[in-house]
Each structure stands twice: as C-alpha cells, then as structure tokens.
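What follows is one structure encoded as structure tokens, with my remarks underneath.
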Amino acid sequence: MSTTPATSEHDVVAVGCGPFNLGLAALASTVDGLDLVVLEERPELTWHRGMMFGDASMQVNFLADLVTLVSPSHPLSFLEYLHDMDRLYTFTVRENFFPSRREYEDYLRWAAARLPSVRFSHRVAEVHWDAGAERFTLDVVRGDGARLRMLARNLVLGIGTAPHVPEALAALPPSAVLHTSDYLYRAEDVARAGKVTVVGSGQSGAEVVVDLLGRNLEGGPAVSWLTRTPSFAPLDYTRMVLEMTTPAYMQYFHSLPEEARDRLVGEQWQFYKGISTDTLDEIHELLYRRQLEHGLADVELRIGTTVEAARTQTSGRTVLVCRHRDSGERFEHTTDLVVAATGYRNRAPAFMEPVDDLIRRDDRGRYKVRLDHSVELADGVTGRVFVANAEVHSHGVSAPNLDIGAVRNATILNAVTGRETYRLPKRSAFTRFDVPRGTA
C-alpha cells in the first residue's frame, strides 16, 4: 500500500553538505525568519579522507572558515570551535595559523552537529518546477527508505566536484589506476606495487609524491612523477597576486566577455594547480637524502610530458604512451600502478534532469551564472537556483577557494532575503582591474 510522502516547505533547500553549503547553513542560522535546510546523502560529514595525511595542513589560514570573513563574531567561527575544544590558548602559542586538514574536518563536523538544518542520509532523487505553486518540488529519499517531498522557493547546488580521470587513462582497469582522492584508501595496492607513477602535478600530486618518496627511502617501490607542465611550479601566493582571488577581482572577472574569461582561467593555472613551496622544499629534501642511501628503487621526475594513451600488458604491468612536449618525441613508460593527480570536474546532478530545459547555458554548455551566483533560468520561472563551486567559468579561479565561501554565501543570502543581511566587503583589493572612466 503506497503512502503519500510527507511534505514540507522551505525558503531555501541546499543540496550537498561540503564546506560551502555548511557555511551557508551556518550564516543562515542567525537570520531571523529564514527557513533553510541542507540535504546530504552521506550519513556523516567527511572531507578529503583519501588525502588526509597526518601532517597535511590547510593552504588558507583559520580566518577562511565558514563565517568569519563576513561575520567575525559568529558563534560557529573557527575561534569559537577552538574555545569550545579548550585549544584556543595552545593554538595561539603555536604561532601557525594554518590548521591541519584533520583539525579543519573536525571543525566542520563540530559546526554540522550544531546545525539542526543540516540533514544527513537525505538523497535528492528528482527536482521539478511547479509553475502553479511557484516552487521547486524535491523528491527526497531518506536513509531508512522513507520518501519525503519538499517545496522550495530557492535551491542551492553544492554537490561538489567529482574526481577526474582523463581519457588517456580511462581504459585502464581499476586495479591499475587510482585517483589521488582514493590514495589512502588504496594503501595496500601502493605497498604491493614495484613501481608507482604519479601523473599530474598540483598540490595533491605533490603530497602523494612526498608519501611515495618516504616509502622509497624505507625500501619501498620505485617512483615516477610525470607532469605536462613546464616545471613543478609553486602556487603563487604572493600578496599582490592574491589580489586576483578577492571579491573585487571576482566582480571584475564576471563583467568580462566569455572569451576573455576563458582565456584568463587558462592563464591563471598557478593559482590553483601549483604546489606549495613547503611541499616542494620537502620533496627536494627527500630527494637529497636519497643520495646518502644505496640500493633504493629508482626515482624519476619528468616535466613537459603528456600521457596520451595507456594499456596493460599480459604480465599485468601498465604501459603509458607519452609525448615529450618540447621535442615532440613519443616514448613508452612502464609501471605497476598509476596515481592520477588529474584534478576534479564539475558533476552534472542527475536529480536536476527534469528541469534541465529551464536552465540557460553558454555556447560550451555551462550554466550562465549571474554575479549573485544564481543561474539564468527560462522566462516565467520565479524560483532561483544558486551554485557553489560550479562557476569558475563565470567568476574566476578563486570560486573553489575556501576563503571565498563566506562571501559567496552572504551574497546568496542577501539575494534570497532581498536585503543586506550580511555586509559584503567593498574594499578587498588595492589593485584596480578595470578601465578608468572619466577624465583625469
């Protein structure tokens, strides 16, 4: 016997509970009269567990938490977390304002536990637009199998990005390749391999190489590191360059033509695909220490190398077909296990398929996103769909950064409430990015 799903109505339903939507819930929790819920299909909050190395630290300081950059006195700030955990004094004496990843995840879980608006084990199956009610309808399946129906004036999509394995490696069997996001989950496979090859650089790839070099020094597998970039380039975190990751630059970037935005995203790869200088120093130190040892398995680092195809041999080993970018020459590289340090891509949420024809897209099929992070929808649709970390093409390479999360969420809440619920920064950069107007 079928039953009618329980129905509830909300001002905002946010789908996905990563740091961005969790921050949205945190900021919304102190806004009177706003009904917001966050739905997460997983049973609990976890954050990059597959890369949770014991000494891994954040690349942004503690002020880039869920709330501080728009609401410094908020009860769900990182400082409040430290105070609640009785670690505020020792954190101060530590004089390192970059939390470990483990501590940051613990902070996120602490905040989620204090937000009744966050509902785990709630999977969104489908979203429809009810023109008569002027509401989105969400069909939701709870972890115990119960079905719910939710109505919402506004949606926020924060489902995150998916690990990306490029076409050149896609034909390899799962036993021969793993993404960095699963690295620690596949520790036994790494230990069994005679040779491990990391394809791609960036911070995640570099941290895997640090771990592999440590294993190599203890008699572990041979290590290869291949990247198509012309160097193992550092993240450019110098202060004036960081002006390009501010809300002021994001507003300027959004105002540019699509062609200019796409060109800039390509040029600014070092903002988000580089490696921290501390990690590069650690790699060099490990390579130096290897010179004092004998009988270790080989280590090779190759820049300017593109992997174009891959195949497995009857022996079970993997052959990568590579091209040397400077000379154009091709060569083959044999290994036992490939670690794809090849980043993440936006995922297309299947639950949005019923309303896909209402969404406006650019010539490359991407969402057309307004400055307030809402997606352009068909005429007559009065509801709004906002996105979090799905707008690099419209807002620039700082869109995935944690330090922009609070500003984006405040912008969304201001748009939803129709008032300045949170004051946004008006002077976030010294640099002026646009063309001067008027006469001198």
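Identify the single condition in (1) under 16 Å from I404 (Cβ atoms); (2) surrounded by fewer than 17 Cβ atoms within 10 Å (Cβ to Cβ) that P19 does not satisfy, given that it satisfies every other one.
Only one criterion in (1) under 16 Å from I404 (Cβ atoms); (2) surrounded by fewer than 17 Cβ atoms within 10 Å (Cβ to Cβ) is unmet by P19, namely (2).
Spot the failing condition for C17; the list is (1) hydrophobic (A, V, I, L, M, F, W, C); (2) out of contact with any Ser or Thr (no Cβ under 7 Å at 6 or more places or on another chain); (3) not in a loop (DSSP other than H, G, I, E, B), and only one is missed.
(3)
So, in the range 230-287, how many residues would count as being under 22 Å from V369 (Cβ atoms), open to solvent by less than 40 Å² (accessible area, probe 1.4 Å) and either in a loop (DSSP other than H, G, I, E, B) or without any contact (Cβ under 8 Å) to a residue 24 or more places away in the chain (or both)?
Result for the range 230-287: 4.
List pairs: first residue in the range 128-148 and within 19 Å of G383 (Cα to Cα), second residue at pLDDT below 95 and among the hydroxyl-bearing types (S, T, Y) anywhere in the structure, Cβ distance under 9 angstrom, at least six positions apart or on different chains.
Listed by first residue and then by second, the contacts come to T137/T7.
Of the conditions (1) without any contact (Cβ under 8 Å) to a residue 40 or more places away in the chain; (2) within 24 Å of the chain's Cα centre (by Cα); (3) assigned to a helix (DSSP H, G or I), P174 clears all except one; give me its number.
Going through the list (1) without any contact (Cβ under 8 Å) to a residue 40 or more places away in the chain; (2) within 24 Å of the chain's Cα centre (by Cα); (3) assigned to a helix (DSSP H, G or I), P174 breaks only (3).
Inside the range 28-44, can you point out the residues that are farther than 25 Å from R149 by Cβ and either part of a strand (DSSP E or B) or not β-branched (V, I, T) (or both)?
D32
Within the range 341-386, track down each residue that is closer than 16 Å to V265 by Cβ, outside any loop (DSSP other than H, G, I, E, B) and either aliphatic (A, V, I, L, M) or at pLDDT below 95 (or both).
Y344, R345, N346, V369 - these are the residues of the range 341-386 that are closer than 16 Å to V265 by Cβ, outside any loop (DSSP other than H, G, I, E, B) and either aliphatic (A, V, I, L, M) or at pLDDT below 95 (or both).
Please determine, by comparing only the residues of the range 45-69 that are touching a Phe, Trp or Tyr at 6+ places or on another chain (Cβ under 6 Å) and open to solvent by 20 Å² or more (accessible area, probe 1.4 Å), which one is farthest from S204 (Cα to Cα).
Here the answer is F62.
Under 7 Å between Cβ atoms, which residue pairs at least 6 apart in sequence (or on different chains) link something in the range 353-364 that is touching a residue at least 60 places away in the same chain (Cβ under 8 Å) with a partner that is surrounded by 14 or more Cβ atoms within 10 Å (Cβ to Cβ) and among the small types (G, A, S)?
The qualifying pairs do not exist here.
The values are calculated or read from the model by the stated rules, or taken from the named source; none is laboratory data. This is a predicted model, so every value here is computed, not measured. All Cβ positions, even for glycine, are placed from backbone atoms using ideal geometry, and neighbour counts span all protein chains on display. Note: accessible area is taken over every heavy atom of the protein model, side chains too, but ligands, DNA and RNA are not part of it. Shrake-Rupley method; radii C 1.70, N 1.55, O 1.52, S 1.80 Å.
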